[in-house]
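> Questions regarding the structure given below will be posed in turn.
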Amino acid sequence: MIMEYFKTQVLLLKDKELLQKTVREEKKLLVENAKLKKDISDLKILLTEKQQKKKAKAAAASKLTAPGSTAALYAPGPNPKPGPVRERDGRRRRGERKGRRERTNSESALEEEPRMDVSRLDLRIGRIVGVRYHPLAGALYVQEVDLGEPAPRTVVSALRHIPKEQLQGRLAVLLCNVRPCRVKGVVSTAMVLCGSAPNAHDNDNDDDAQVEFLEPPTNAVPGDRVTFYDYPGEPDRELSPREKVWEQILPDLQTDSRGVATYRGVGFEVRGKGLCRAPTLTNSSIK
């Protein structure tokens, strides 16, 4: 009998706990339901206010254009005979319209002025999966680069001073929204970025400059985008040669004292994976 009593008590306790849990859930649902009702009520009020404002604007516009309105009174009739007062009013209204047009044009020009910073560049990580000599130019390589797209891109670059074996399979930083161009009969659709420093023996000869690939973080993969913390804009679909975006941004690209690739001091970053850098070139330009 004692055992039966205890079993009964345990079952009662379980039922009580289940009931309390159900009550808590019910209260929680009631609170959430009340909150949703309040949100719906607020939205209805906001919608009603917007509709009323819209109707008021429409009514005001219809009054202005209705026969007998002030605007209609100023409308010229057949063979008008302007007097001095009407001429002054007409000149004043024309001046006001001209001022409004000039302000509108200046404001729209400011709004449409495109930004000119590194966020317009589509910089991505690519892996070189194939390298061959250019058939018509001894100083050029033709590379096939995996950028995480359905097919590799063809890139023509002047990197023949680097052995083919060092290019095959390596990661690089590429500018991907340049306009495709034909180089000695081969169409190039991207551009490899490298650190560049003048040779100590010949500072005036660009062909003899010291050049190094910008190395992405070791855990980067093809298709990863290079971003800049202080410049969060989206890149152009394709850089317009007429705007010379690349030419204007290029002088601000350089490696810092640690070899990190930067734009105006902000590092080339693969988000969540690290920074891009030149192995040995510090305080040098990027090309």
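The values are calculated or read from the model by the stated rules, or taken from the named source; none is laboratory data. A quick note: this is a predicted structure, and the numbers were derived from the prediction, not measured. Note that each Cβ is placed from the backbone with ideal geometry, even for glycine, and that neighbours are counted across all protein chains shown. Note: areas computed on protein heavy atoms with side chains; ligands, DNA, RNA excluded. Shrake-Rupley method; radii C 1.70, N 1.55, O 1.52, S 1.80 Å.
> Sort through Val226, Val211 and tell me the only one that's in contact with a Gly (Cβ under 8 Å, 6 or more places away or on another chain), under 15 Å from Leu193 (Cβ atoms) and not in a loop (DSSP other than H, G, I, E, B).
Being in contact with a Gly (Cβ under 8 Å, 6 or more places away or on another chain), under 15 Å from Leu193 (Cβ atoms) and not in a loop (DSSP other than H, G, I, E, B) holds for just one of Val226, Val211, which is Val211.
> Report the residue count in the range 217-239 for those that are over 14 Å from the mean Cα position of the chain (by Cα) and either within 17 Å of Ile249 (Cα to Cα) or open to solvent by 20 Å² or more (accessible area, probe 1.4 Å) (or both). Before the answer, list the steps.
Going through the range 217-239, the residues over 14 Å from the mean Cα position of the chain (by Cα) turn out to be 217-224.
Retained after the next criterion (residues that are either within 17 Å of Ile249 (Cα to Cα) or open to solvent by 20 Å² or more (accessible area, probe 1.4 Å) (or both)): 218-219, 221-224.
Count: 6.
> Right, another one. If a residue has to be in contact with a Gly (Cβ under 8 Å, 6 or more places away or on another chain) and crowded, with 22+ Cβ neighbours inside 10 Å to count, how many in the range 156-170 make the cut?
The number of residues fulfilling the criteria is 0.
> Residues being open to solvent by 20 Å² or more (accessible area, probe 1.4 Å) and either small (Gly, Ala, Ser) or touching a helix residue (DSSP H, G or I) at 6+ places or on another chain (Cβ under 7 Å) (or both): count how many of those fall in the range 179-196. Write out each step before concluding.
Narrowing the range 179-196 to residues open to solvent by 20 Å² or more (accessible area, probe 1.4 Å): 179-187, 189, 191.
Now drop any that are not either small (Gly, Ala, Ser) or touching a helix residue (DSSP H, G or I) at 6+ places or on another chain (Cβ under 7 Å) (or both), which leaves 185.
So the answer is 1.
> Moving on. In the set Val187, Val192, which member is modelled with pLDDT of 90 or more and under 24 Å from Met116 (Cβ atoms)?
Among Val187, Val192, only Val192 is modelled with pLDDT of 90 or more and under 24 Å from Met116 (Cβ atoms).
> Modelled with pLDDT of 95 or more and aliphatic (A, V, I, L, M), is that true of Val211?
No; evaluated as a whole, the condition is false for this residue.
> Is it the case that Glu144 is open to solvent by less than 60 Å² (accessible area, probe 1.4 Å) and not in a loop (DSSP other than H, G, I, E, B)?
yes
> If you go through the range 118-139, how many residues are open to solvent by 30 Å² or more (accessible area, probe 1.4 Å) and part of a loop (DSSP other than H, G, I, E, B)?
Summing the residues that are open to solvent by 30 Å² or more (accessible area, probe 1.4 Å) and part of a loop (DSSP other than H, G, I, E, B) in the range 118-139 gives 4.
> Let me ask something else about it. Provide a single number: the residues in the range 1-14 that are open to solvent by less than 100 Å² (accessible area, probe 1.4 Å) and not hydrophobic (A, V, I, L, M, F, W, C).
Going through the range 1-14, the residues open to solvent by less than 100 Å² (accessible area, probe 1.4 Å) turn out to be 8-10, 12.
Those still in the list that are not hydrophobic (A, V, I, L, M, F, W, C) too: 8-9.
So the answer is 2.
> For Arg97, indicate whether it is at pLDDT 70 or above, out of contact with any helix residue (DSSP H, G or I) (no Cβ under 9 Å at 6 or more places or on another chain) and either in a helix (DSSP H, G or I) or surrounded by 10 or more Cβ atoms within 10 Å (Cβ to Cβ) (or both).
yes
> Go through the residues of the range 251-273 one by one and say whether even a single one is in a strand (DSSP E or B), surrounded by 13 or more Cβ atoms within 10 Å (Cβ to Cβ) and either in contact with a His (Cβ under 7 Å, 6 or more places away or on another chain) or of a type in the set (Gly, Ala, Ser) (or both).
yes
> Sticking with this structure for a sec: For Val85, are the conditions met, namely being at pLDDT 70 or above and either aliphatic (A, V, I, L, M) or outside any loop (DSSP other than H, G, I, E, B) (or both)?
Criteria not met by Val85.
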